[in-house]
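Comments concern the structure below.
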Amino acid sequence: MAACAPARVAAAPPHDQAVPASEPRAELKLELDLPKTASCEEDFDVKLYANPAVDLIEWTYSGQKCSGRRVKVRFLSRRTDAEKLLGQVKQLSSNARVVP
């Protein structure tokens, strides 16, 4: 019935919205180990992209699927800072450290 209702359902999540190019962004470069699963990289991406401040996740190929991975995370710096984002990454990984 809710699908036919003209009013927006309160529990429905908002749709993705474009972020203006003028919005300030920052990057966090990391080396991390992910929990060993068949879809470790995809699982990490989905969970981190749930954070609306995350703009882009770019992986560097390392030959290994879940360990010793290098990643660059671009984020909207008005919505979060590097320390908060690093905290979230540490929760999603088994080991994470910032690299230059």
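The values are calculated or read from the model by the stated rules, or taken from the named source; none is laboratory data. Only a predicted model underlies this, so the values are computations on that prediction, with no experimental measurement involved. Every residue, glycine among them, receives a Cβ derived from its backbone with ideal geometry; neighbour counts consider all protein chains shown.
Overview of values
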item: Residue, surrounded by the fewest Cβ atoms within 10 Å (Cβ to Cβ), within region 38-89, restricted to residues that are of a type in the set (Phe, Trp, Tyr) and touching a strand residue (DSSP E or B) at 6+ places or on another chain (Cβ under 6 Å); result: Trp59
item: Region 58-100 - residue that is of a type in the set (S, T, N, Q), touching a residue at least 60 places away in the same chain (Cβ under 8 Å) and in a loop (DSSP other than H, G, I, E, B) and, of those, farthest from Ser22 (Cα to Cα); result: Ser94
item: Residue that is modelled with the highest pLDDT [pool: residues in region 44-69 that are closer than 12 Å to Ser93 by Cα and out of contact with any helix residue (DSSP H, G or I) (no Cβ under 8 Å at 6 or more places or on another chain)]; result: Asp45
